[in-house]
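Laboratory data are not the source of any read-out in this text; all were calculated from the coordinates shown. All values reported here derive from a predicted model rather than from experimental measurement. No Cβ is skipped: glycine too gets one built from the backbone with ideal geometry, and neighbour counts run over all protein chains shown.
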2 protein chains.
Amino acid sequence: MKHIQSAQNPQVKQWKKLSMKKERDRSGLYLAEGFHLVEEAIKSPGTIAELILSEGTDITPRFDYKDIPITLVTKDIFKSLSETETPQGIMAVCRQKSSQAALESAETFLLLDAVQDPGNLGTMIRTADAAGIDVVIAGTGCVDIYNPKVLRSAQGSHFHLPVVTGRLEEWIPKLIEKGIAVYGTALEGASNYTEATPAKRFALLVGNEGNGVSKDLLEKTTENLYVPIYGKSESLNVAVAAGVLLYYLRTHQAQ
Amino acid sequence: MKHIQSAQNPQVKQWKKLSMKKERDRSGLYLAEGFHLVEEAIKSPGTIAELILSEGTDITPRFDYKDIPITLVTKDIFKSLSETETPQGIMAVCRQKSSQAALESAETFLLLDAVQDPGNLGTMIRTADAAGIDVVIAGTGCVDIYNPKVLRSAQGSHFHLPVVTGRLEEWIPKLIEKGIAVYGTALEGASNYTEATPAKRFALLVGNEGNGVSKDLLEKTTENLYVPIYGKSESLNVAVAAGVLLYYLRTHQAQ
């Protein structure tokens, strides 16, 4: 086991750079922190490039890490890499993976347009996973899918289904051409979701917290839906709306 | 208009204390910050005790505040009262209100057991409002309903429906006695929510982020429901699950 005690070590500097999207994009790597995320990542073979442990962290009883390179670092170094206030002493350097085959054969999608809050984005990835959706595609203007807060809110769902970035203006017509119904979400020119009769193969498109889905994208969809507001609030939180709609589409989809 | 320029002013010290639950409980007051919350509070007569404005904040075009006492404070004083990084320069001292009559005549409820994340609690208040629920009751172990982050996530729904604290172990039997069906949420000994035939008058009970609803409470309900997990995630975020269930109950309730 490698043991790094100097914060000036080039390896430490390299890891630190992974806090920046630019470096994550360049390297194809990202950091996943905490026992739960590492455990989920381990279950997805080939995801973890290496483990970083803080001195004193006991991982033996938790899982089988025998094929994964481990580097031990001082508590101070670990803290400098950590994004949490009370670090658990374990993080994984993960590989960004996306299988083209999985994307090609997918039948259900969640499409995200300019979702900016990392908690919302992560919660929607988790919800898509729970609802059995095959693929999540984050479009232009979304917060980075490998942002630490996104990873934390998604609670490991990144390792369960393909989560990729893409140009929705190209994906939507491509999906429709393949016979997959694309349901946008809008307040105007849309149908009450409870009146929709969802196709077996579908994509749900939700949008920005303040502005919703961009008009250009809404014009390309198969149909647009809304969740009715029965009370006095102006709108639903986007992750809650996505949950209501995904579960409706999932439980009412044609067989 | 009163104008306070000293941070040592006793009024400023009194307002600062409202950042603590203890003082909010004692005084029956709380602070609601930002234009959106103040605008929603103004629509609910009798809610605002006074307005606090930072020097330079222009409120004239936004709303009619003529009957509400206003105090102008320096930017530094305002900042010391604010809970946000970029204060909008306006906050209201609000009265905690709960109308016994509204509670007695309510037909639909959201009951929250030990929900600890303020974002989740606030989002659920907003969702209950959107779904047309009459009353939200926060039980033992919940974060304070007047916590600034709860208020922010609820986006003004505190001013749209009664949000109160209460002992759920007493409320649940009381509701059932009145003929209101209480649906708990549980992973074991529960029915798939899509198989439920909701009563017209109902209460939904959701629980703590990690542990769910306490066993004692689940034993007192009419029926317990679960939201199926079709993928590999372990669970749904509690606010998302509440959204899925509230909208199901709302759109399937007996007439």
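3J(HN,Hα) along region B:22-32: 3, 6, 4, 4, 5, 8, x, 10, 7, 9, 10 Hz, from the Karplus curve 6.51 cos²θ - 1.76 cosθ + 1.60 with θ = phi - 60°, whole Hz, x for Gly and Pro.
Label positions at B:K21 and A:Q253, each projected 7 Å from the Cα along the C-beta direction, are separated by 4.2 nm. Remark: the B:A101-B:E188 segment gains 27.7 nm on full extension, using 0.36 nm per residue and subtracting the alpha carbon distance.
Compute the relative contact order of region A:2-95 as a whole-number percentage, counting only Cα pairs closer than 8 Å that sit 6 or more residues apart in sequence. Across region A:2-95, relative contact order equals 42 percent. Extension gain for the segment A:K79 to A:Q14, taken as residue separation times 0.36 nm less the Cα-Cα distance, is 21.9 nm to one decimal.
So what is the diffusion coefficient of region B:102-165 in µm² per second by Stokes-Einstein at 20 °C and 1.002 mPa s, using a Kirkwood Rh over Cα pairs? It comes out at roughly 191 µm²/s. Say the cut-off is 23 Å between C-alpha atoms; which of A:K16/A:K75; B:K13/B:K75; B:K200/B:K232; A:K16/B:K232; A:K66/A:K97 go over it? Checking Cα-Cα distances, B:K200/B:K232; A:K16/B:K232 exceed 23 Å.
Pairwise Cα distances in chain A exceed 34 Å for 25 percent of all pairs. Structural descriptor for region B:100-212: relative contact order 33 percent, calculated from alpha carbon pairs under 8 angstrom and at least 6 residues apart. The trypsin sites (Lys or Arg not before Pro) of region A:167-203 meeting both criteria, a DSSP state outside H, G, I, E and B (loop) and at most 11 other C-beta atoms within 10 angstrom of the site's C-beta, are A:R167, A:K178.
Amide H to amide H, with H built 1.01 Å from N, A:V182 comes under 5 Å of A:A203, A:T222, A:E223, counting only residues 5 or more places away or on other chains.
The tail of the calculated P(r) for the protein assembly as shown, taken as Cα-Cα distances beyond 36 Å, holds 40 percent of the pairs. For region B:100-251, the Cβ-based charge dipole about the Cα centre amounts to some 340 debye (Lys, Arg positive; Asp, Glu negative; other atoms uncharged).
Given +1 at the Cβ of Lys and Arg, -1 at the Cβ of Asp and Glu and no other charges, the dipole of region A:2-95 around its Cα centre is 440 debye to the nearest 20.
Provide the FRET efficiency to the nearest 0.05 for the A:Y230-B:A49 pair, computing r from the beta carbons and using R0 = 22 Å. The computed FRET efficiency comes out at 0.15.
Relative to the 2.2 N^0.38 Å rule of thumb, region A:2-95 has a C-alpha radius of gyration ratio of 1.00.
Over chain B, Cα pairs under 8 Å with separation of 6+ residues give a relative contact order of 18 percent. Using the Karplus relation 6.51 cos²θ - 1.76 cosθ + 1.60 with θ = phi - 60°, the per-residue 3J(HN,Hα) values for region A:42-56 come to 5, 5, 9, x, x, 6, 7, 7, 7, 9, 10, 10, 7, 3, x Hz, with x marking Gly and Pro.
A dipole drawn for chain A from +1 and -1 charges on Cβ atoms has a positive end, and of A:S6, A:L217, A:I125 the residue lying farthest that way is A:S6.
Temperature 37 °C, viscosity 0.692 mPa s: under these conditions the Stokes-Einstein estimate for region B:121-253, based on its Kirkwood radius over C-alpha pairs, is 218 µm² per second.
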